Amino acid sequence: MSSSLPGNRELPESRYDLSTYWGRVRQTAAITDTRTLFAGKSGLEHAKQLVTAYKKGEINEMTPELWKAKKIVDSTLHPDTGEPVLLPFRMSCYVWSNLVVTAGMLTPGLGEATGATGRGAADKKAGGRKQNTGTVIWQIVNQSLNVAINSANANKSTPLTYSQMAKSYFVAVGASCSVAVGLNSLVPRLKRLSPAARTTLGRLVPFAAVASAGVLNVFLMRGEEMRSGIDVYPVLSEADKEKLAKEGRAESDVPSLGRSRRAATLAVAETAVSRVLNCTPIMMVPPLLLVRLQRTRWLQSNPRYTLPVNLGLILGMSYLALPLALAAFPQRQRVGADALEEEFHGRGGEGGLVVFNRGI
């Protein structure tokens with residue numbers, strides 16, 4: 001983010017009011033804007049030069065070009081390291097990185113009961129094995145992507161070891177596959193439900209697997225943060241910022257007050273909730289709409305359009321849900337110092353508040 005670049009004059013945090021949910025939605029929509037991916041290396045360097053020039057006082061005021069540069073920097077650089085996040089794992093690429101994986105998990109027939117009336121036991125058994133194999137493969141691919149995204153965007157003040165990442169990965173894969181395969185086996189046994197109801201429930205199996213494993217994945221991947229704590233900083237007043245500028249220092253030069261486990265637990269919990277908020281409409285709305293569309297004469301007469309319709313529903317819902325979910329909690333979270341461990345009591349900045357990077 002722009003705070004990681006040199007200079008003792010900080011840019012405005014946003015052109016929107018981040019104390020409001022709608023302001024955070026607009027800010028998140030900007031950071032997750034897919035168009036920032038096309039800036040390239042030269043575009044990023046130009047954006048960094050503009051932002052640095054402002055922070056050094058060479059540019060006096062925010063201009064449309066500078067706001068655009070800030071958007072590119074904020075959507076590309078990690079706020080803790082200042083290094084570019086690998087392109088497929090940036091939040092601006094999140095929708096496209098997840099499109100194929102989500103479509104695979106929501107493929108009609110993958111999560112539904114197989115074995116229509118009149119089929120032999122051997123055919124039903126083979127169909128069930130094929131169904132479970134597909135379910136397991138896509139859950140593995142999904143959790144692999146989740147681990148990569150969680151690792152790339154996590155708070156870096158408490159880095160994970162490779163062994164911790166591997167443990168988190170295998171536990172999350174095991175959980176998602178167990179939930180998906182277990183529910184796939186359970187749904188056909190609900191004989192009291194109509195075939196249509198069983199079909200609908202079958203389409204929602206991937207959501208249950210992704211939601212449960214997603215929460216588990218976040219807590220496992222970032223468990224070390226909760227054990228060791230994350231850095232918290234005092235919230236600076238305008239007077240504090242002016243004093244730093246006169247001393248030739250930037251806000252990023254302010255030392256950490258220490259590591260807080262309570263702040264880390266809050267950061268991880270909020271991230272887990274935002275992941276559920278994000279996957280809920282994406283994993284529920286498209287499959288339910290597709291069930292309805294598959295009953296229409298048009299799609300029944302043109303089954304070849306099922307895949308593109310499915311992809312379109314997922315893509316549209318993903319673009320709509322992502323900023324709404326990520327904006328549920330501020331990325332730079334503020335809490336009262338007295339709400340943390342005793343060592344932080346009375347050490348907050350303006351309004352007795354401290355701030356920390358929640359991660360995405």
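The values are calculated or read from the model by the stated rules, or taken from the named source; none is laboratory data. If you're wondering where the values come from, they're calculated on a predicted model, not measured in any experiment. Neighbour counts run over all protein chains shown; Cβ positions are idealised from the backbone, glycine included. The area values use the complete protein model at the heavy-atom level, side chains included, leaving out ligands, DNA and RNA. Shrake-Rupley method; radii C 1.70, N 1.55, O 1.52, S 1.80 Å.
Summary table
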quantity	calculated
Listed residues Phe89, Phe219, Phe170, Phe344 arranged by accessible area, highest first, probe 1.4 Å	Phe170, Phe219, Phe89, Phe344
Surface accessible to a 1.4 Å probe, per residue, for the residues of the range 1-111, Å²	48 Å²
In Å², nearest 10: area of Trp138 left accessible to a 1.4 Å probe	70 Å²
Loop GluC sites (Glu not before Pro), the range 15-82 (other Cβ atoms within 10 Å of the site Cβ: 10 or fewer; DSSP)	Glu61
About the Cα centre, charge dipole magnitude for the chain (Lys/Arg +1, Asp/Glu -1 at Cβ), debye	2120 debye
Over the chain, relative contact order from alpha-carbon pairs under 8 Å, at least 6 apart, %	19 percent
Dipole in debye (nearest 20) - the range 1-55, about Cα centre, beta carbon charges: Lys, Arg +1; Asp, Glu -1	80 debye
Percent accessible area from carbon and sulfur atoms, the chain, protein chains only, probe 1.4 Å	59 percent
Most to least accessible of Asp17, Asp80 (protein chains only, probe 1.4 Å)	Asp17, Asp80
At least 30 Å along the helix axis (C-alpha) and Kyte average at least -1.0, DSSP helices within the chain	121-153, 162-186, 195-221, 261-293
For the range 295-345, with +1 on Lys and Arg beta carbons and -1 on Asp and Glu, the positive-most of Gly336, Pro303, Leu320 along the dipole	Pro303
Accessible area (Å², per residue) of the range 230-290, counting only protein heavy atoms and a probe of 1.4 Å	46 Å²
Helix-only CD estimate at 222 nm, as mean residue ellipticity for the chain, using -39500 (n - 2.57) per DSSP H run (n ≥ 4)	-20000 deg cm²/dmol
Equivalent-ellipsoid semi-axes of the range 214-283, from the Cα gyration tensor, Å, largest first	33, 16, 8
Computed accessible area, Tyr233, all protein chains, 1.4 angstrom probe, square angstrom	70 Å²
The range 259-334: proportion of alpha-carbon pairs further apart than 22 angstrom, %	43 percent
Average accessible surface area per residue within the range 135-206, 1.4 Å rolling probe, Å²	48 Å²
Debye log10 I(q)/I(0) at q = 0.06, 0.09, 0.12 Å⁻¹ for the chain, Cα point scatterers	-0.28, -0.58, -0.92
Accessible-area value, Leu204, 1.4 Å probe, nucleic acids and ligands omitted, Å²	40 Å²
Cβ-based charge dipole, the chain, positive-most Cα from Met62, Val268, Leu18	Val268
